[in-house]
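As structure tokens, the structure follows; a few thoughts come after it.
The values are calculated or read from the model by the stated rules, or taken from the named source; none is laboratory data. None of the values given here were measured: they were computed from a predicted structure. When we count neighbours, we look across all protein chains shown, and the Cβ atoms used for this are built from the backbone with ideal geometry, even at glycine. Heads up: the accessible areas ignore ligands, DNA and RNA and are worked out on the full protein's heavy atoms, side chains in. Shrake-Rupley method; radii C 1.70, N 1.55, O 1.52, S 1.80 Å.
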Amino acid sequence: MYQDDMETSAWYFDGQTSQAHAVSLSIDGQKLHIRSNSCKSTYAEDIDVAVALSEVSWAERVEHGMRMAYLANGGMLQAQDNAAWDQWTARYYLGQHWVAKAQLRWDAALSSAAVLIVLLALFYVYGLPWFAEVIAPKVPVQLVAKIGSTLLTSLEGDYLQPSKLGVEQQKKIRDTFAKAVRQALGAAAPDYDLRFYASKLGPNALALPGGTIILTDELVSLPPSGVATQQLIGVLGHELGHLQHHDGMRTLIQFAALTVVIDILMGDASSTLTLLPTWLAQARYSRAIEHQADQASAALLRANGISPTVMAGFFEQLACYHAAKNAHDREPSFLNIAFSSHPADTERIAFFKKAASRLSEP
Amino acid sequence: MPRIIESEPVDETVNNPPQQFALRFTGTGAEYFRIWLVNLLLSALTLGLYVPWARQRTLKYFYRNTWLANSALDFHGDPWRMLRGWLVIASLVGFYSFGKFIHPLAPMVALSLLMLLSPALLCMALRFRLANTSWRGLRFHFLGTIGEAYRAQGLALLFYLVLFAALGANLLEHPEANPKVQAISQHLRWLGWWILGGFLATPYFYWLLKRYQHQHYALGALTTRFTATPWPLYGIGLRAFGMALGSIIVLLLLGGLCYYLAQANGLVTPEMLKSPVGKSIFVLMGMFFYLVFLFISMLIFSYAGARTYNFLWSHTHAPQITFEPMLRAGKLIKLTLKNNLLILLTLGLYYPFAKVATYRLKVEAMSLATEGTLDTIIGQQVYHNDEAMGDAAAEIFGIDIAF
């Protein structure tokens, strides 16, 4: 037997033993013919079968790997010479798969990689935030409340102590804020539960998933002489904004997705190494979320006839407090600025001043 | 085929001369790099759903480039099946990572569940992997059962579960400051002994696991036997531990020397140590030495890995086949060093090249010594019903764990 363009040599294995049989392959219509190549065969038995092409599974090409095909009866064919096999199968367009082709050629691989990288970037900038924004409001209320109460319990353990503010003062703040919310949002206001605590966290306000808003004593009594009621309304309005936008769940969803993607990209790298990129990626999202909450705060103030510029005074007071505290502790806080997820205070002051000028617009 | 009936005893070795077959690997780093890159990006874009396909492509690439006696291996796992197993494991891991937002004990529960299931998962993964690996059209099999897996890993499981229970008990009590300290110090003593015991038993646990694996491999009618004892593993472990201890001592001495010299030259003063700059330098130096130690332990791991690989496979036998592994620890150590440096320098892009190089070193260090050719040794496949069912069950879950 001689080999021409229409035939190629192969080894046939019957799937029952490891014995190799030398055969020739040829294609006739929709059938694959497998015939013994007697000059190379080590057994005298002749193989002469015709198999429907639809029952043959041609393996994808792997550059230096074995070329082969699987038969429905459990047997398999292995190429005797890779180059000849490739030529022969190419003739009949056997065994081509788009992902395999992308892998084989450098330009295809690199261009598909480029496309994928662009898609990943779009996912990060637009896709995931949009997804989180859409899904967060749909999470069952009970689950959100459960998450919030778990967080509150863990905070109460270490960071939150009972408030030292007078009952009268707490009531005054609560009532003023409730009135402001009614004025601005009416029935559309989200449910919330305002709580006061003394805290290691210093002057701060938090909004937890489920509606709990926390205001620390240290913020209410910020030196030199506390915070004005109008400014407190601005701060609480910011936290209410978080609740309105379901920011707790949004952050959780974004963080979960980011963690998964970064873990996949970093593969076998240790889990501590993945913390940094995750943190940085999440920081960018946080700045956007905080800015939206600032917008809600400005809107609430405007609806109550208060100029958003009052917040500028608040941030300046807060900055003085932090500067004094740092000077006292003698610890440089430059690291904090780098990783801070709150927009730098100067940006926020500028925003509120600008928001005030819109009051005068028709 | 005509049968020749011999009337006289025939010298088998004449017709079946002993042969040696070395494994060959024809894959290249450049080729795998392309597969790896596409896999990575698609996996990231699909938030991990693509991973079973990525695994399948990787295994197909590595297997079809692994040659024994002029025929290569192949992998047949169906990614859709593998997706099922992947989702099961991913949800358990997800619970471990994010369950704490729902309940503080959730991570412990998820971890304990994973641990309790791990022998079953291991058995299914081995069955799935081997039943989907073929050579010359013949499928491999893993003959171990889930029950045997639990027997093999039972002791190790017990050790870890008790450890976690002790640690978890501290979490359960929401204590104020003092009771917490009390509880821990009460536990501390027997916990310490328990951990030491576990440490000493680790080579034995490892031997139990490997024995379970190595005595249940099969190809057609060929099944493997495992003749190793645990003691040489203790030898390897002891040497590795000694090297680790030695390097810690050397590093501490070096650190101490640096400090002494710096102090002697007036570079270090008590005031400087108290200042924030001094503190951060101290911390940085500490981190540096720690990283150096991590690096050294990676090399010690390579040494132990090479010795263990050789030991385990040279004590695995099949009828008329012996495995002759010749993995040189020195070569593996050098390769690991080179790989890790380049991975660091290229921010991870060298990883696929490193993986190919390591695989090649390990695979090409292996040869099989046979009495006769590999064509006639492997005979008719013998199918036992429960093996088929075991394979089918593994197929349903499609659990495949990277080894």
Point to revise | For the range A:113-138 versus the range B:66-108, the gap between their alpha-carbon centres in whole angstrom | key: 24
Practice item. Go through the range B:356-368 residue by residue and turn each phi into a ³J(HN,Hα) via Karplus (6.51, -1.76, 1.60, θ = phi - 60°); whole Hz please, and just put x for glycine and proline. Key: 5, 4, 5, 4, 4, 4, 5, 5, 6, 7, 9, 10, 10
Study note, to complete from the structure: Under 5 Å from the placed amide H of B:Leu105, counting only residues 5+ away or on other chains, we find none
Practice item. Would you list the membrane-span-like helices of chain A, meaning whole DSSP H runs whose alpha-carbon atoms span at least 15 Å along their axis and whose mean Kyte-Doolittle value is at least 1.6? Key: A:106-122
Practice item. Using only atoms on other chains, find how many Cβ atoms lie within 10 Å of each Cβ of peptide B:103-114 and report the average. Key: 1
Study note, to complete from the structure: About its Cα centre, chain A carries a charge dipole, from +1 on Lys and Arg Cβ atoms and -1 on Asp and Glu Cβ atoms, whose size in debye to the nearest 20 is 1840
**Study point:** Paired Rg and Dmax values of the range A:102-193, which use every Cα atom, in angstrom
**Key:** 23.9, 75
Check your understanding: Expressed as a whole number of Å, what is the distance separating the alpha-carbon centroids of the range A:183-259 and the range B:330-358?
Key -> 49
Check your understanding: Counting Lys and Arg as +1 and Asp and Glu as -1, what is the net charge of the other residues whose Cβ lies under 13 Å from the Cβ of B:Leu208?
Key -> +2
Check your understanding: Put +1 on the Cβ of each Lys and Arg and -1 on the Cβ of each Asp and Glu in the range A:131-175; which of A:Gly166, A:Gly148, A:Ala136 then has its Cα farthest toward the positive end of the dipole?
Key -> A:Gly166
Check your understanding: Between chains B and A, what is the buried accessible area summed over both chains (1.4 Å probe, protein heavy atoms, nearest 100 Å²)?
Key -> 4200
Review point. In peptide A:258-266, how many Cβ atoms from other protein chains are near each Cβ within 10 Å, on average?
Key: 5
**Study point:** Burial order of peptide ranges B:298-306, B:116-124 (average beta-carbon count within 10 Å, highest first)
**Key:** B:116-124, B:298-306
Exercise for review: Rank-order A:205-217, A:107-119 by packing density, defined as the average count of other C-beta atoms within 10 Å over each peptide's residues, highest first.
Suggested key: A:205-217, A:107-119
Practice item. Using just the helices of chain A, give the 222 nm mean residue ellipticity in deg cm²/dmol: DSSP H runs with n ≥ 4 each add -39,500 (n - 2.57), and the total is spread over all residues, rounded to 500. Key: -17000 deg cm²/dmol
Check your understanding: What is the spin-label model distance, in nm, from B:Ala30 to B:Leu87 if the labels are put 7 Å beyond Cα along the C-beta direction?
Key -> 4.1
Practice item. Over the whole of A:151-157, what's the average partner chain Cβ count within 10 Å per residue? Rounded to a whole number, please. Key: 2
**Study point:** Carbon and sulfur %, accessible surface of the range B:43-100 computed with the full protein complex present, 1.4 Å
**Key:** 68
Point to revise | Around B:Arg24: net Lys/Arg minus Asp/Glu count, Cβ-Cβ under 10 Å | key: 0
Point to revise | Size of electric dipole in the range B:12-83: Cβ of Lys, Arg +1 and of Asp, Glu -1, about Cα centre, debye, nearest 20 | key: 260
Review point. So which of A:Lys200/B:Lys274; A:Lys164/A:Lys353; B:Lys60/B:Lys331; B:Lys279/B:Lys331 end up more than 29 Å apart, counting from Cα to Cα?
Key: A:Lys164/A:Lys353; B:Lys279/B:Lys331
